[in-house]
Amino acid sequence: MFENKERTDINELGEFGLIKHLTTNFKIRNDYSVKGVGDDAAVLDAKGKQTLVSTDLLLEGIHFDLAYVPLMHLGYKAVQVNLSDIYAMNGKASQITVSLGLSSKFPLEAVEEIYKGIELACNKFNIDLIGGDTSASKQGLVISITSIGYADADKVTYRNGAQENDLLCVSGDLGGAYVGLQILEREKLIYLENPQIQPDLEGKDYIIERQLKPEARMDIVALLEDMNIKPTSMIDVSDGLASEILHLATESDKGITIYEDKIPLDPMTYETARELGIDPTVCALSGGEDYELLFTISQEDYKKLKHDVDITVIGHVTDKNSGCKMVSKSNNVHELKAQGWNAFNK
Ligand SMILES: Nc1ncnc2c1ncn2[C@@H]1O[C@H](COP(=O)(O)OP(=O)(O)O)[C@@H](O)[C@H]1O
Ligand SMILES: Cc1ncc(C[n+]2csc(CCOP(=O)(O)OP(=O)(O)O)c2C)c(N)n1
Ligand SMILES: [Mg+2]
């Protein structure tokens, strides 16, 4: 989705000219970055902390569809999904590298749009862009971002630390990004059949934003620190609640039980799912792309966060033999299965 009329051929700048043009506005802003863009490698200083590194790959046609994703949003989202993994380790994100495979149809102005989104994310989350790689691609747009962060060794939170009787908590609300995607896909099909019809996204702002412009939960990491809570285990919700619960349980060698009526759903998510004839609970369990934090805390810590409206306790940790279960609104017990999004199922 790129409507800018000006089209400058990337060949006019060449690879190095392009890199210079795109990165010149990015200034190093934090002490962990010794050298950013411009040498054979970036130089970082962990300042006695542990270093967290995570990488994700976004491919046109698999992870995003340029028919309805504006390039600036894509740049912003690509950064968010990567920062989210650093926050899921209970760390502070400080740097990213950005690697691009650009299809030949992309003019300079299109790449500039992606970088506007990246810059917005870097400004908002205090991140240094410290490097990357740029190439032409014959198969559409490819974006790979690596995020780097730091945490004191005793703060780093793994997937494997959940203990029996811990409480399972989730930030924000779930399922919105998936329902937003269904609306965007619906409007795309209508448009393809009849290009005169303008997309009808009226009243769907929140869920469309959840899909196009997710926000990684840096604030939750800060909140937990303020509350003096160290989660016993943590993961971010990228593939859907069910899949992430199974990761925490498997890695921790425990079982987990959740309660359907506790799953936080935004009213717009709930109503739109109903309109589309899909079960809102299934959207939360299997939709994905929520980029909320799912974590376990010890019972003693419950009093510290019970009044926080942005964190919901949805279940608890059990012994391994009890497996992963959801108690439904009608009090039936269902086994949780990882039926979340899977790139290989497309
Ligand atoms: N091609 C690969 N080579 C090596 N490690 C990989 C590869 N793909 C994924 N991983 C690693 O597997 C683990 C799980 O990855 P993934 O399911 O993608 O996690 P996330 O949902 O947090 O991105 C991570 O430690 C990741 O770095
Ligand atoms: C065209 C399109 N198809 C599918 C999706 C949905 N989708 C894209 S990425 C994703 C989940 C996370 O992707 P993955 O590559 O598994 O990331 P990771 O778990 O490694 O962080 C989902 C549900 C989408 N937003 N757009
Ligand atoms: Mg991954």
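The values are calculated or read from the model by the stated rules, or taken from the named source; none is laboratory data. For clarity, every value in this text was computed on a predicted model and none was experimentally measured. We place every Cβ from the backbone using ideal geometry, glycine too, and count neighbours over all the protein chains shown. Side chains are part of the model used for accessible areas, which takes the heavy atoms of the whole protein and leaves out ligands, DNA and RNA. Shrake-Rupley method; radii C 1.70, N 1.55, O 1.52, S 1.80 Å.
Scanning the stretch 46-90 for residues that are part of a strand (DSSP E or B), within 13 Å of ligand 3 (Cβ to nearest atom), open to solvent by 30 Å² or more (accessible area, probe 1.4 Å) and under 20 Å from SER137 (Cβ atoms) gives THR55, ASP56, LEU57, LEU59. When PRO214, PRO231 are checked against the criterion of being buried (at least 18 other Cβ atoms within 10 Å of the Cβ) and closer than 19 Å to CYS283 by Cβ, PRO214 stands alone in meeting it.
Taking VAL34 as the residue in question, decide whether it is at pLDDT 95 or above, within 16 Å of ligand 1 (Cβ to nearest atom), within 30 Å of VAL156 (Cβ to Cβ) and surrounded by fewer than 18 Cβ atoms within 10 Å (Cβ to Cβ). No, not satisfied. Taken over the stretch 274-301, the criterion of being in contact with an Asp or Glu (Cβ under 7 Å, 6 or more places away or on another chain) and of a type in the set (A, V, I, L, M) is satisfied by LEU293, LEU294, ILE297.
Determine which member of the set ILE220, ILE190 is on the phi < 0 side of the Ramachandran plot and touching a helix residue (DSSP H, G or I) at 6+ places or on another chain (Cβ under 9 Å).
Values: ILE190 fails: touching a helix residue (DSSP H, G or I) at 6+ places or on another chain (Cβ under 9 Å).
Every option except ILE220 fails the conditions.
Taking residues in the stretch 192-204 that are within 25 Å of THR269 (Cβ to Cβ), and partners anywhere that are in a loop (DSSP other than H, G, I, E, B), the pairs with Cβ atoms closer than 9 Å and at least 6 places apart or on different chains are PRO199/TYR68.
Under the condition of being buried (at least 24 other Cβ atoms within 10 Å of the Cβ) and either at positive phi or in contact (Cβ under 8 Å) with a residue 60 or more places away in the chain (or both), the residues counted in the stretch 107-121 number 0. Residues in the stretch 91-106 that are open to solvent by 10 Å² or more (accessible area, probe 1.4 Å) and not in a strand (DSSP E or B): SER104, LYS105, PHE106.
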